[in-house]
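Heads up, the thing below is written out as structure tokens.
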Amino acid sequence: MRDLSIRGSGNILGAEQHGFIDSVGFDMYSQMLQEAIQAKKKGKTIEEVQPFEVELDLKIDAYIPDDYIPDEKQKIDMYKRFQAVQSKEDIEDLKDEIIDRFSDYPEQVENLFRVSELKMLSKAERVEAISEQKRNIEIIVDEEASQAIDGAKLFEFSNQYGRMIQLGTEGRKLKVTFRLNPQQSHERYQILQKFLEALQEMKSVPVA
């Protein structure tokens, strides 16, 4: 912490450094400090530079089983790697690494890769929330991204799915609901991923 003090970080977070790190943990403190530094550089508030977060509520077992990676430290490190993926290349690299280190992975880890990719795509397209209830999947796109979507392209995409897809709004946000029958439910995440990938092509104007 002496190095941080020498570099003049001061109380940029608005709280005393000593004791604060112990209360939030070093990783969280480092993230908060980086966000504060970036905000100061850009002349913005911390809230304006915080990374876009997605709320995922999916009915899927996505985790690392104890009998696959028994060591808690290694498991935490791998969870951090899943959280950090930013591209499909990152995901493929992580798949190769986890197989090399721990052998072929079980279904729960395969699901964790799928959830990580869905979250990555959702962040890229500024999807605020995805929730799964029974055989329905509901998607909420944030306001700015919703306003950038070309309606004609959205309807063209939805026509592929007929009554399976329902378009609506929640305030000024796009709301998309997939209503799946029992035969379609096993491919629900593939359908969701196809929609997220198609969102980029639907944009009439770029979103910052």
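Bear in mind that the values in this text are calculations on the coordinates, not laboratory data. This one's a predicted model, so the numbers in the text were calculated from it and none came from an experiment. So basically every Cβ, Gly included, is an ideal-geometry build from the backbone, and we count neighbours across all protein chains shown.
For the range 163-205 and the range 103-159, compute the distance between their C-alpha centroids and round to whole Å.
Spelled out, the Cα-based centre of one part sits 7 Å from the other.
Please state, as a whole number in µm²/s, the translational diffusion coefficient that the Stokes-Einstein equation yields for the range 63-124 at 37 °C and 0.692 mPa s, with Rh defined as the Kirkwood radius across alpha carbon pairs.
Working: Rh = 11.8 Å.
Estimated diffusion coefficient is 279 µm²/s.
If each residue of separation counts as 0.36 nm, what is the full-extension length gain between Phe52 and Thr169 once their alpha-carbon separation is subtracted? Before the final figure, lay out the partial values.
Values: separation 117, 0.36 × 117 = 42.12 nm, distance 2.05 nm.
Extra length available between Phe52 and Thr169 comes to 40.1 nm.
Which loop-located trypsin sites (Lys or Arg not before Pro) does the range 48-139 contain, where loop means any DSSP state but H, G, I, E or B and the Cβ has at most 12 other Cβ atoms within 10 Å?
Those that pass, being in a loop and sparsely packed, are Lys59, Lys134.
Over the range 125-208, calculate the relative contact order: mean separation of alpha carbon pairs under 8 Å at least 6 apart, over the residue count, as a percent.
On the way: 107 pairs, mean separation 29.2, N = 84.
Reported relative contact order: 35 percent.
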